[in-house]
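Working notes, structure below.
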Amino acid sequence: MQFFIWLTQSLEALATKVPLEVFVIIGSLVEEIVAPIPSPSILTLAGSIALSQEKTVLFLIWLAILGSIGKTIGGWVLYWIGDKAEDIITKKWGKFFGISHKHIEHLGEKFHKGHKDIILLTFLRSLPIFPSAPISIGCGVIRLPIKVYLLGTFLGTIVRGFIYIYLGYSGLEILKGLSTHLDRTETIIQLAIVVILVLVIAYSYWKRRKSKF
């Protein structure tokens, strides 16, 4: 936990040493890969700095695009991790839990619908309350087409990023409180996803054991 606090503080300190555009790209990239870093912290700070520099709303859109570039690069790293982890897990423990590579491929085939996947992924990525890392890893696990994944991620995180940047730019206390609330909600959803995943694995194991008797 201390490491994540130190990393967050280091990123915030970086904002005073580099151009705001560079800070947004680097901060967004690191925040995407290191999930425990609060999602709003980087971009709301960027919004506050933009306000102090008397930037326009159009500049906030530019920052959101730059932040999306960083998030998309970071998301690609998590996608790759999810892809490789699926191979390792199914080979080592797939039989134990009754899950095979074919089961994963069959699940992935349900999502390979081109523009519909892009729209769905863009929508999920744009929601501030929905955790980003599980989406990135999950897309890698089911091998969502990389072009669909990158485009949906890029478009969705522009919207999400602009929301956070504007929260910082507005400078209103009520919006700062909302930012904190969004971060807590995202954390709760992340924990819920982990619990659901554990329950699904436990059920698959129980069902496999039951079929043997």
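The values are calculated or read from the model by the stated rules, or taken from the named source; none is laboratory data. Everything numeric in this text was worked out from a predicted model, so none of it was measured. No Cβ is skipped: glycine too gets one built from the backbone with ideal geometry, and neighbour counts run over all protein chains shown.
If only residues of region 1-59 that are modelled with pLDDT of 90 or more and of a type in the set (D, E, K, R) are counted, the one that is surrounded by the fewest Cβ atoms within 10 Å (Cβ to Cβ) is Glu21.
Of all residues in region 145-178, those that are at pLDDT below 85 and either in contact with a Phe, Trp or Tyr (Cβ under 9 Å, 6 or more places away or on another chain) or not in a helix (DSSP H, G or I) (or both) total 3.
Flag: Leu78 matches the condition of being under 11 Å from the mean Cα position of the chain (by Cα) and under 19 Å from Gly156 (Cβ atoms). A single member of Ser136, Ser126, Ser170, Ser132 is surrounded by fewer than 18 Cβ atoms within 10 Å (Cβ to Cβ) and of a type outside the set (A, V, I, L, M, F, W, C), and it is Ser170.
Looking for something among the aromatic types (Phe, Trp, Tyr), out of contact with any Asp or Glu (no Cβ under 7 Å at 6 or more places or on another chain) and free of Cβ contacts under 8 Å to residues at least 12 places away in the same chain - is there at least one such residue anywhere in region 3-10? Yes, some residue in region 3-10 is among the aromatic types (Phe, Trp, Tyr), out of contact with any Asp or Glu (no Cβ under 7 Å at 6 or more places or on another chain) and free of Cβ contacts under 8 Å to residues at least 12 places away in the same chain.
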